[in-house]
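Beneath this line is the structure, given in structure tokens, with notes to follow.
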């Protein structure tokens, strides 16, 4: 009987060790995935918030409310050539406060309308600058809306705890911040392969005036700080892997 009990305990320990090792491998795998897709993304905006919600569920609900309000305000302007349908905005308002993915009856037609709006892009030739800015801003919010739907229906949601996991946790916070932004003046994205894409909004020079050059210097310093942080993070991760492997 003692041998049987001892054998059972050893099997239990082996299973615990195997489970711990598998969890460790999954953690390393996730970390490597994040590392090889790590990019520097610096955005210069016209305004930021001064407070933060208590959890991801509140972030998600407030993001939906902000998006609904924004599209409501811009649906009767007439300056955008291909806006969302009024029914789509109503469908979006249904999602606000919901802790579930209503894929079949709400989200699917909303996704289809977003895709149609983003697909429809006429040439800017012949339209005034105000309309170019308005349409660019509208398309920016359509992409925010698409990302919001992805996060709302994310399978990693722990609705009981009200938290997302990993990368989606950060994406939600960034989305929440950007939805409330009036103007994106500049954005620089630096990929892991060294490719750099910078976008500058000409509204920066008309709105900021004499401060435009100083703001661009500030943006450049942010990009440099982000690159240094990424490089330091990668170096730290490599050192950890070497220590684990004994090299």
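The values are calculated or read from the model by the stated rules, or taken from the named source; none is laboratory data. Worth saying up front: this structure is predicted, and the values here are computed from it rather than measured. No Cβ is skipped: glycine too gets one built from the backbone with ideal geometry, and neighbour counts run over all protein chains shown.
Name the helices (runs of 4 or more DSSP H) wholly within region 128-247 that hold at least 3 residues that are at pLDDT 85 or above? Give the steps one after another, and end with the answer.
Working: elements: 129-152, 166-179, 203-207, 212-245.
Filter on region 128-247 gives 129-152, 166-179, 212-245.
Could you say which residue among 20, 50, 31 is modelled with pLDDT under 80, out of contact with any helix residue (DSSP H, G or I) (no Cβ under 6 Å at 6 or more places or on another chain) and surrounded by 13 or more Cβ atoms within 10 Å (Cβ to Cβ)? Spell out the reasoning first.
On the way: 20 fails: surrounded by 13 or more Cβ atoms within 10 Å (Cβ to Cβ); 50 fails: surrounded by 13 or more Cβ atoms within 10 Å (Cβ to Cβ).
So the residue among 20, 50, 31 that is modelled with pLDDT under 80, out of contact with any helix residue (DSSP H, G or I) (no Cβ under 6 Å at 6 or more places or on another chain) and surrounded by 13 or more Cβ atoms within 10 Å (Cβ to Cβ) is 31.
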All conditions in (1) touching a residue at least 12 places away in the same chain (Cβ under 8 Å); (2) within 30 Å of residue 158 (Cβ to Cβ); (3) surrounded by fewer than 16 Cβ atoms within 10 Å (Cβ to Cβ) are true of residue 191 except (2)
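Conditions (1) assigned to a helix (DSSP H, G or I); (2) under 30 Å from residue 216 (Cα atoms); (3) modelled with pLDDT of 75 or more; (4) in contact with a helix residue (DSSP H, G or I) (Cβ under 7 Å, 6 or more places away or on another chain), marked per residue:
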{"site": "5", "(1), (2), (3), (4)": "yes, no, no, no"}
{"site": "12", "(1), (2), (3), (4)": "yes, no, no, no"}
{"site": "16", "(1), (2), (3), (4)": "yes, no, yes, no"}
{"site": "61", "(1), (2), (3), (4)": "yes, no, yes, no"}
{"site": "64", "(1), (2), (3), (4)": "yes, no, yes, yes"}
{"site": "84", "(1), (2), (3), (4)": "no, no, yes, yes"}
{"site": "88", "(1), (2), (3), (4)": "yes, no, yes, yes"}
{"site": "98", "(1), (2), (3), (4)": "no, no, yes, no"}
{"site": "106", "(1), (2), (3), (4)": "yes, no, yes, yes"}
Checking 167, 130 in turn, the sole residue that is in the same structural domain as residue 70 (by TED's automatic domain parsing) and touching a helix residue (DSSP H, G or I) at 6+ places or on another chain (Cβ under 7 Å) turns out to be 167
For residue 102, are the conditions met, namely being within 19 Å of residue 151 (Cβ to Cβ), in contact with a helix residue (DSSP H, G or I) (Cβ under 9 Å, 6 or more places away or on another chain), at pLDDT below 85 and in the same structural domain as residue 148 (by TED's automatic domain parsing)?
-> yes
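Criterion first (surrounded by 15 or more Cβ atoms within 10 Å (Cβ to Cβ) and within 30 Å of residue 224 (Cα to Cα)) does residue 149 satisfy it? Give the derivation first.
Details: surrounded by 15 or more Cβ atoms within 10 Å (Cβ to Cβ): yes; within 30 Å of residue 224 (Cα to Cα): no.
When the stated conditions are applied, residue 149 does not pass them.
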